[in-house]
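Step one of this worksheet: look at the structure below.
The values are calculated or read from the model by the stated rules, or taken from the named source; none is laboratory data. Bear in mind that the values here come from a model prediction, so they are computed numbers and not experimental data. Because the Cβ atoms are built from the backbone with ideal geometry, glycine has one as well, and the counts that use them run over all protein chains shown. Heads up: the accessible areas ignore ligands, DNA and RNA and are worked out on the full protein's heavy atoms, side chains in. Shrake-Rupley method; radii C 1.70, N 1.55, O 1.52, S 1.80 Å.
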Amino acid sequence: MTAEFPAARPRRLRRTPAMRRMVTSTRLHPAELIMPAFVKEGIAEPQQVGSMPGVVQHTRDSLRKAVHEAAEAGVGGVMLFGIPAVKDSHGSAADDPEGITQRALRDVVAEVGDALVVMADTCLDEVTDHGHCGILTPEGEVDNDATLERYVSIAVAQARAGSQMISPSGMMDGQVGAIRAGLDAAGFSQLPIMAYAAKYASAFFGPFRDAVETPKDFGDRKAYQQDPAGPRGEALREVRLDLAEGADIVMVKPALAYLDILREVRDTVEVPVAAYQVSGEYAMIEAAAANGWIDRDRAIMESLVAIRRAGADLILTYWATEVARRI
């Protein structure tokens, strides 16, 4: 650099839309997007989730329509979250062949077949009356190994209902290994596992808990989900353990507040990496846009590009169908 005007002019490659499009290095594709969807037992019409504008608790019929639209838009997958009419401490609905999740899986597979990947959350928080991701001890702690037995039963029930991928999200130690062994023993060795490998005890999950009707007094999940300020290297340790136990895809959740973790994982592993743009991230953009504080469409796209740029091969986002149509 001299006192003369610099010869280097980076703006040359930004001058026109065509130029910017030609040199971009981060692109989104509909097949990389996974749509989370809530389906509730016993309702006659879709119910709006108050803290997530535009997101509903589906009926079985409205879910079929939504997934059909997602498939037409080219969305890569759908992740189902079933909300039963009756919850108990054991999460009995989770592995009931006639439970809402299993019925919804059969509905969706019948509707779209293999036009997209159909899966469901393999956990207990949506179906327990206490709202935790596992079985509680008399002292109120989550019993890791008793919970693993439930996860295996849930995974096999989902597989029998037609789930095309198993997605354990509870952050129990050994969950991937237990589920892998259970699936193989039940004749489902072909089913892949997408492990929620680095899932944090995040404030950004709040609207999701409204959507699945988690009891307001359930406490928190800090004893099993990762601490946002936890030990250095903990996320990579969790990822390596899940891979050693048989995970085919690993996930970071949430996405935007953990882009550094996402990049570390992407640089470390050789399997696909997913990231979940969670309910709080969705709600913040929708709320700010509704108040006229930000440009909604630009903010949605910028947030997804950031997640993709940080290393996500797959993105779970409540805007999946909308964005797939746009791109």
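Miscellaneous remarks
- Listed peptides 273-280, 190-197, 206-213 appear in the order 273-280, 190-197, 206-213 once ranked by packing, highest mean of other Cβ atoms within 10 Å at the front.
- Other residues lying with their Cβ under 10 Å from the Cβ of T26 contribute a combined charge of +3, Lys and Arg counting +1, Asp and Glu -1.
- Accessible area of the chain divided out per residue, in Å², using a probe of 1.4 angstrom: 46 Å²
- Segment D313-V86, length gained on full extension (0.36 nm per residue, minus Cα span): 78.1 nm
- The angle between the Cα long axis of helix 296-310 and the longest principal axis of the Cα atoms of the chain comes to about 80 degrees, rounded to the nearest 10.
- Counting DSSP beta bridges with both ends in the range 108-253, the antiparallel % (nearest 5): 10 percent
- Cα gyration tensor, the range 41-198 - rounded (a/c under 1.5), prolate or oblate: oblate
- Relative contact order of the chain: 19 percent, from C-alpha pairs under 8 Å at least 6 residues apart in sequence.
- Two-site label geometry, A244 and T26: point separation in nm, points 7 Å out along Cα→Cβ: 3.3 nm
- For the range 128-136, Karplus couplings with θ = phi - 60° (6.51, -1.76, 1.60), whole Hz, Gly/Pro x: 9, 6, 9, x, 8, 8, x, 7, 8
- Using alpha-carbon coordinates, inclination of helix 279-290 to the longest axis of the chain, degrees: 50 degrees
- From its DSSP helices (H runs of at least four residues, each -39,500 (n - 2.57)), the chain gives a residue-normalised ellipticity at 222 nm of -11500 deg cm²/dmol.
- The Stokes-Einstein estimate for the range 60-147, based on a Kirkwood radius over Cα pairs and taken at 37 °C with 0.692 mPa s viscosity, is a diffusion coefficient of 234 µm²/s.
- If the segment from A181 to R298 were pulled out straight at 0.36 nm per residue, it would be longer than the present Cα-Cα gap by 37.7 nm.
- Overall shape: oblate for the range 122-245, with the ratio a/c of the largest to smallest alpha carbon gyration tensor axis at 1.5 or above and b/c at least equal to a/b.
- Considering only the chain, percent of DSSP beta bridges that pair antiparallel, nearest 5: 10 percent
- Pairwise Cα inverse-distance average, inverted: Kirkwood Rh of the range 173-246 (Å): 14.3 Å
- Stokes-Einstein D in µm²/s, Kirkwood radius over Cα pairs - the range 207-279 at 4 °C with 1.567 mPa s viscosity: 94 µm²/s
- Carbon plus sulfur fraction of accessible area for the range 201-324, probe 1.4 Å, in percent: 51 percent
- Its alpha carbons considered, the chain gives a radius of gyration followed by a Dmax of 20.4, 76 Å.
- Highest to lowest packing among 67-76, 162-171, 88-97, scored as the average C-beta count within 10 Å: 162-171, 67-76, 88-97
- Charge context of A310, other residues only, Cβ under 13 angstrom, K/R +1, D/E -1: -1
- With semi-axes defined as the square roots of five times the eigenvalues of the C-alpha gyration tensor, the equivalent ellipsoid of the range 137-202 measures 22, 14, 10 Å, largest first.
- Spin-label model distance (nm) - A146 vs I327, 7 Å beyond Cα toward Cβ: 4.4 nm
- Between the range 152-169 and the range 249-297, the alpha-carbon center distance in angstrom: 25 Å
- The residues packed around M301, meaning those with a beta-carbon under 15 Å from its beta-carbon, carry a net charge of +2 if Lys and Arg are +1 and Asp and Glu are -1.
- Those aspartates and glutamates that a straight Cα-Cα span of less than 17 Å connects to K65, excepting residues fewer than 8 apart in one chain: E41, E45, D107, E111, D114, E322
- Across K40/K199; K222/K253; K40/K253, pairs whose alpha-carbon gap is larger than 20 Å: K40/K199; K40/K253
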